[in-house]
1. Treating only the Cα positions of the stretch 124-170 as identical point scatterers, give the base-10 log of I(q)/I(0) from the Debye formula at each q in 0.33 Å⁻¹.
2. Only sites in a loop by DSSP and with at most 12 other Cβ atoms within 10 Å count here; which GluC sites (Glu not before Pro) in the stretch 262-360 make the cut?
3. What does the highest-first list of 229-235, 209-215 look like by mean Cβ count within 10 Å?
4. Please report the accessible area of residue 302 (heavy atoms, 1.4 Å probe, ligands and nucleic acids excluded) in Å², nearest 10.
5. P(r) for the stretch 305-369, please, calculated from all Cα pair distances in 10 Å bins and given in %.
6. To the nearest µm²/s, what D does Stokes-Einstein give for the stretch 81-191 at 4 °C and 1.567 mPa s, using the Kirkwood radius over alpha carbon pairs as Rh?
7. For the stretch 40-134, run through the GluC sites (Glu not before Pro) and keep only the ones in DSSP coil with at most 12 other Cβ atoms within 10 Å of their Cβ.
8. Using only the Cα atoms of the stretch 238-317, build the gyration tensor, take square roots of its eigenvalues as a ≥ b ≥ c, and label the shape rounded, prolate or oblate: rounded if a/c is under 1.5, else prolate if a/b is larger than b/c, else oblate.
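The values are calculated or read from the model by the stated rules, or taken from the named source; none is laboratory data. Quick caveat, the model's predicted, so the values are computed rather than measured. FYI the Cβ positions are ideal-geometry reconstructions off the backbone, even for glycines, and counts take in every protein chain you see. All accessible areas refer to the heavy atoms of the entire protein, side chains included, with ligands and DNA or RNA removed. Shrake-Rupley method; radii C 1.70, N 1.55, O 1.52, S 1.80 Å.
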Amino acid sequence: MNAFVVERRGFRLRRNVFFGVAVFVSVVLTAGGTGASADTGKISARDRKQIAEISQTYLQHRADRVTSRPQIEGFGVRMTDELTADLKEDVAELAARRDDYREIHGGYSRAQVETVVEQVSSAGDGTTALARAKERTRLYYHTPKPGTETSSGHELQHKLTVRRSGGSWVLSGVEALLGSGPAPATQMRKAPPTSHWKTAEPATYKQPASAVKPAHGSRDEKVMAAAYFYQAMVNYAYKWGKNANPNFRTYDQDCTNFLSQIMMAGGWEDVDGDRTSNSSWYLGTFTWTTSYTWAAAENWYWFASQHSGRTRLLTNVYDLAIADVLQANWDPWNNTVIDHSMFVTKVQGGERFLTYHTENKVDVPLAELLRNNPNTFWYAHRT
């Protein structure tokens, strides 16, 4: 028998209210619908409800740490000593981010968090359980600037481990499953070990842009009278930034597909050829008749900046102007592949704002992206 037996034969949707926040818990049942587990019956409906409440409380308190709400010690749930020690760095980082967000955009006033526990699995002896939970969080800006978003949202999958202690459950492990997009305000990508930083340099054939803000703002001014229709690009990004255009298929990782649509709206023309070649760029009827450069960030980089000359690489991210492109490799010490593509929709008060898919976001401040992703290699394109 496997160490963990997963219960997933049927679903029941339950709505609970916990600390004033709606919690939607997807309860996993056996075929009989009684709530008993398939092995020893030790993960009951009551246990699953408690695990769901632990997930909700932990993630709500974590989100509260980057807002101006009164701060309390811990995360509102019982934890093992080991996990408490593991999260000390997160506590300090979240506090630092809260202060930095005040400098960047006035900070966040509150967080609204919903969790959906999609799956529960138990150890054979019933003393340990794993939960897979989806977090939906919206952070509200304290003083949103005119014409900008009033809040920032994210969805994120988590793995949580709980142990039975004294008739109840104690949180013993947490893991945020970060995807190809930027890290949200409440989570961070772990930096490589110090020894790694000292002894190795990331292997790359691409020259990243500096993320150090120059003393006098942008140094590479953009001439807007060019071959492309920049306003059409911006209009398209705003129209479809939050929702996918139904005339195009979407991808699980949709950022570069969306970027290519923006470029097409601004006048980029197809380049035929082998779909695997970085010299081609086109959308086909099917994924297997579409060029790699259309929807893959790494391939788009090579087509745009090297093979077609449609973009020019900038040496500093603060040189980005409206209708420019920013790409990111979140983990350059372990791979050379670009993970994510974003589009500059606004430059206001010396700040750049980026719009992208996966997740679908409009007008995210560049300064917050840099703050949340400090170990990233950035690639800035002048279109």
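1. -1.11
2. Working: sites: 269, 298, 351, 359; in loops: 269, 359.
Here the GluC sites (Glu not before Pro) that fit, given the DSSP loop and packing criteria, are 269.
3. Working: 229-235: 17.4, 209-215: 13.3.
Highest to lowest by the protection proxy: 229-235, 209-215.
4. Rounded to the nearest 10, the figure is 60 Å².
5. 19, 50, 29, 2
6. Rounded, D is 81 µm²/s.
7. Numbers: sites: 53, 73, 82, 89, 93, 103, 114, 118; in loops: 73.
Filter output for the stretch 40-134: 73.
8. Values: a/c = 1.74, a/b = 1.14, b/c = 1.52.
Here the stretch 238-317 falls in the oblate category.
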